[in-house]
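**Q** First, the structure itself, so that you have it in front of you.
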Amino acid sequence: MENEFLFFMQFLLSGLSMGSIYALVALGFVLIYKATSILNLAQGEFLMVGAYVCLSITLDLGLNFLASFMLTMVFSVILGLAVERLVLRPLIGEPIISVIMVTLGLTYILRGLVIMIWGNDIRQFNIFPEQPVDFWGVKLTYLYLYSMGISLVLLTVFALFFKYARAGIFMRAVADHQTAAQSMGISVKRVFAMSWCIAAVVSSIGGILVGNIAGVGVDLSYIGLKVLPAVILGGLDSILGAIIGGLIVGVLEFLSAGYLDPYIPAINEVFPFIVLVLVLMIKPYGLFGIEEIERV
Amino acid sequence: MPAGLFHESYRNDERIFQTWFVRAWLMAFLIACVLFPVVGSKYMVSIMTEVGIAIIACHGLNILTGFTGQISLGHAAFLGVGAYTCSILIEQGVPFIIVLPLAGAMTALVGMIFGIPSLRLRGLYLAIATIAAQFIIEFTIRRWDSLTGGVEGMFVEPGTIGPFHFDNRVHLYYLTLILAVAATVVIKNIVRARSGRAFVAVRDRYLAAEVIGVHVFKYRLMSFAVSSFFAGIAGALLAQYLEVITHESFTIHQSIDYLAMCIIGGLGHVLGGIYGVGFWFILERILELVTTNLNTAFPDHITWFVSIKEIVFGCVIVLFLIFEPDGLAARWRTIRAYWKLWPFSY
């Protein structure tokens with residue numbers, strides 16, 4: 001009984017810490033979708049690029065982790081701005097397929113650039129200490145703790161940002177009603193640019209965290225697609241939904257690894273997607289998403 | 001000098017190829033295709049087979065995404081279903097002539113299952129559902145060891161129809177050619193018929209389509225079925241072509257590639273698939289030529305040239321979407337319209 005409970009808690013807590021990273025990346029998805037109605041399928045590549053930049057500044061240039069972290073953020077802001085200005089802005093008003101496809105084209109370019117600059121090998125950060133911390137029998141590594149901590153802090157910061165900061169209120173206004181926001185004197189273009197910047201920043205933070213856990217390689221970009229179930233579960237246009245969806249998907253992934261693995265090996269790789277299909281069939285707009293109601 | 005095209009009967013108006021000029025060029029093209037293995041090298045025949053397979057796959061995707069407007073990011077997974085069905089059935093001793101349609105039918109069934117969410121979903125959400133389909137099918141292929149050989153994949157026994165053995169590259173080329181031509185004819189006729197018009201109506205304004213009596217869900221499901229049937233046939237051919245199939249031949253990257261080919265060629269144009277695949281493979285050959293030459297010239301920078309391919313394809317996709325979102329088919333049409341009455345265009 002005792003062991004059963006520990007087993008459960010172990011997977012629950014690991015899932016929560018992975019889920020908090022998912023929540024961060026999902027936040028990036030939701031921000032862009034809310035402001036610009038674009039689903040950025042290149043989110044995973046943003047994440048990978050962020051991780052690579054941070055890694056190479058830390059290991060190759062030898063700066064300390066905090067400094068390289070800050071530099072990476074600056075880089076992400078520039079990347080977000082550039083992508084929005086050069087690629088997405090010409091496509092405003094085009095059909096969904098063009099916009100989806102252009103972000104997929106972007107994934108090719110970014111992945112190609114990463115392979116060109118850094119090659120194909122998986123590299124390790126080795127910054128956080130390896131030995132796990134013991135919480136009444138539940139073992140968690142420092143990495144997981146830090147990830148959870150950083151994600152929670154950031155999520156709180158963003159929650160406050162959207163509630164109180166001017167820029168945050170602008171962004172919510174544009175998401176709510178573009179024309180009305182524009183007539184109130186809010187620059188919609190600037191808000192678009194800002195949401196891409198923030199999305200790039202949060203995903204590269206997510207990338208650095210995941211990169212610390214799993215090593216930095218090209219496969220890191222799959223996180224971008226793995227986060228889709230979280231985004232859909234929470235509702236594509238809900239920030240709260242992204243956070244809760246991320247946590248739920250993280251927990252589900254780890255619990256399925258713990259409990260279903262003996263029956264279907266490695267089910268955790270695909271379990272979130274099965275959940276995704278079910279959510280889409282039962283409640284397509286997620287837990288907190290706004291339902292599209294159409295009238296003839 | 002032609003001043004225009006005048007029809008004197010409905011029969012004439014409804015012909016697919018309306019002038020003798022078009023018919024002559026088409027015949028010339030088909031004869032060139034048939035004679036190609038006599039002239040071309042073994043390598044080129046093999047490449048052309050690959051092109052034919054991609055054309056069949058793209059026609060399928062074009063029906064679904066181009067004509068019915070349902071974005072699919074899981075097309076390669078459906079090819080995978082076809083490929084594995086083909087290879088498993090051949091192993092069971094089923095004759096190849098039956099295997100081929102069965103592979104198509106099996107894939108159509110799977111496609112329809114993953115098409116069910118389209119009852120409630122459109123656009124973005126459906127695209128995400130097809131991504132899920134891609135991952136679930138890929139996972140099944142990778143982990144169902146007893147059926148698919150798991151990560152190691154499986155050997156495909158060559159099929160035979162009468163005197164033709166498809167481990168012979170030339171025979172496989174002719175089979176692919178026949179099926180690609182058939183696929184093009186079928187797609188052209190679907191588009192001309194009631195179902196094709198219903199597809200387009202569903203794509204353009206599904207509410208209006210429903211109001212005038214088009215059963216939206218039925219036609220969405222139908223387009224999933226037709227598209228997956230094409231994918232299944234293409235997958236079975238691909239299995240014959242590759243000889244060893246693993247899950248790595250059917251990843252989401254392939255799915256994106258097929259969608260990119262369709263967009264470059266022109267979504268919603270019958271010939272879009274052919275133009276797109278042609279463009280894609282020609283670009284691929286050119287890049288391969290350039291990179292192998294550069295590799296021998298600068299052996300220190302091999303990773304550079306490997307990634308150039310991916311970057312170029314990414315740029316091509318982005319540039320096409322920004323500057324020519326209707327693809328090569330539309331560009332070809334404007335060029336032709338310009339030259340048709342040149343220099344007296346008004």
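**Q** Using amide H atoms built in the peptide plane, which far-off residues or other-chain residues are under 5 Å from residue A:237 H to H?
**A** HN-HN under 5 Å from residue A:237: A:290.
**Q** Which whole-Hz ³J(HN,Hα) couplings does the range B:59-72 yield from phi under the Karplus relation 6.51 cos²θ - 1.76 cosθ + 1.60, θ = phi - 60°, glycine and proline marked x?
**A** Computed from phi, the couplings for the range B:59-72 are 4, x, 5, 5, 4, 6, 8, x, 8, 9, x, 9, 5, 10 Hz.
**Q** Using alpha-carbon pairs under 8 Å, 6+ residues apart, how would you state the relative contact order of the range B:1-141 in percent?
**A** Contact order relative to length: 24 percent.
**Q** In whole Å, what is the distance between the alpha-carbon centres of the range B:100-116 and the range B:302-346?
**A** About 33 Å separates the Cα centre of the range B:100-116 from the one of the range B:302-346.
**Q** Let me ask something additional. So what's the range A:98-191 giving for Cα Rg divided by 2.2 N^0.38 Å, two decimals?
**A** Relative to the rule-of-thumb radius for its length, the range A:98-191 sits at 1.69.
**Q** So which chymotrypsin sites (Phe, Trp or Tyr not before Pro) in the range B:1-88 end up in coil per DSSP with only 12 or fewer other C-beta atoms within 10 Å?
**A** Hits after loop and neighbour filter: B:6, B:17.
**Q** Same structure again: Based on the Kirkwood radius over alpha-carbon pairs, what is the Stokes-Einstein translational diffusion coefficient of chain A at 4 °C with 1.567 mPa s viscosity, in µm²/s?
**A** Once the numbers are plugged in, D ends up at 66 µm²/s.
**Q** Let me ask something additional. What whole number of Å gives the distance from the Cα centroid of the range B:1-80 to the Cα centroid of the range B:134-172?
**A** 26 Å
**Q** Something else now. Checking the a/c ratio against 1.5 first, then a/b against b/c, what shape does the Cα gyration tensor give for the range A:7-100?
**A** Since a/c reaches 1.5 but b/c is at least a/b, the shape of the range A:7-100 is classed as oblate.
**Q** Most fluctuating residue of B:170, B:290, B:99 in a GNM of chain B with Cα springs under 10 Å: which is it?
**A** Between B:170, B:290, B:99, it is B:290 that shows the largest mean-square fluctuation.
**Q** For residue B:315 and residue A:136, what is the calculated FRET efficiency with R₀ set at 60 Å and r taken between the beta-carbons, to the nearest 0.05?
**A** That gives a FRET efficiency of 0.65.
**Q** Under a 5 Å amide H to amide H cut-off, with H placed in plane at 1.01 Å, what residues pair with residue A:139 once short-range neighbours are removed?
**A** none
**Q** When Lys and Arg each count +1 and Asp and Glu each count -1, what net charge do the other residues less than 9 Å away from residue A:175, Cβ to Cβ, add up to?
**A** 0
**Q** Give the separation of the Cα centroids, the range A:235-269 to the range A:8-78, in Å.
**A** 19 Å
**Q** If you don't mind, another one. With a ≥ b ≥ c the root eigenvalues of the C-alpha gyration tensor of chain B, is it rounded (a/c under 1.5), prolate (a/b larger than b/c) or oblate?
**A** Rounded.
**Q** Using each residue's phi in the range B:148-156, evaluate 6.51 cos²θ - 1.76 cosθ + 1.60 at θ = phi - 60° and report the 3J(HN,Hα) Karplus result to the nearest Hz, with x for Gly and Pro.
**A** 10, x, x, 5, 6, x, 9, 6, 9
**Q** Each label point is 7 Å from the Cα along the Cα-to-Cβ direction; what then is the distance between the points at residue A:263 and residue A:82, in nm?
**A** With each label point 7 Å from Cα toward Cβ, the separation is 4.8 nm.
**Q** Something else: Using a 10 angstrom cutoff on alpha carbons, build the Gaussian network for chain B and name the most mobile of B:187, B:263, B:98.
**A** The residue that fluctuates most here is B:98.
**Q** Hey, what did the range B:39-340 get for relative contact order, percent, Cα under 8 Å, at least 6 apart?
**A** Value for the range B:39-340: 32 percent.
**Q** Moving on. Under the definition of Cα pairs under 8 Å and six or more residues apart, what whole-number percent is the relative contact order of chain A?
**A** 36 percent.
**Q** What is the distance, in nm, between label points placed 7 Å from the Cα along the Cα-to-Cβ direction at residue B:91 and at residue B:297?
**A** The two pseudo-label positions are separated by 4.7 nm.
**Q** Let me make sure I get this right: for the range B:41-114, a, b and c are the square roots of the gyration tensor eigenvalues over alpha carbons, sorted descending. Under 1.5 in a/c it's rounded, otherwise prolate if a/b > b/c, else oblate. Which is it?
**A** oblate
**Q** Identify which of A:28, A:246, A:215 has the largest mean-square fluctuation in a Gaussian network model of chain A, with springs joining Cα atoms closer than 10 Å.
**A** Looking only at A:28, A:246, A:215, the largest GNM fluctuation is found for A:215.
**Q** With N residues in the range B:123-247, what two-decimal value do you get for its Cα radius of gyration over 2.2 N^0.38 Å?
**A** Cα Rg divided by the expected 2.2 N^0.38 Å: 1.35.
**Q** State the number of lysine pairs found in the protein assembly as shown whose Cα atoms come within less than 23 Å, restricting to pairs 8 or more positions apart or on distinct chains.
**A** Lysine pairs satisfying the spacing and distance rule in the protein assembly as shown number 8.
**Q** Within the range B:100-151, list the chymotrypsin sites (Phe, Trp or Tyr not before Pro) lying in a DSSP loop whose Cβ has at most 13 other Cβ atoms in a 10 Å radius.
**A** Filter output for the range B:100-151: B:144.
**Q** Find, among the trypsin sites (Lys or Arg not before Pro) in the range B:1-52, those assigned to loop by DSSP (not H, G, I, E, B) with at most 16 other beta-carbon atoms within 10 angstrom.
**A** Filter output for the range B:1-52: B:15.
Coordinate-derived values only; no laboratory data. Everything quoted here is computed from the prediction, not taken from an experiment. No Cβ is skipped: glycine too gets one built from the backbone with ideal geometry, and neighbour counts run over all protein chains shown.
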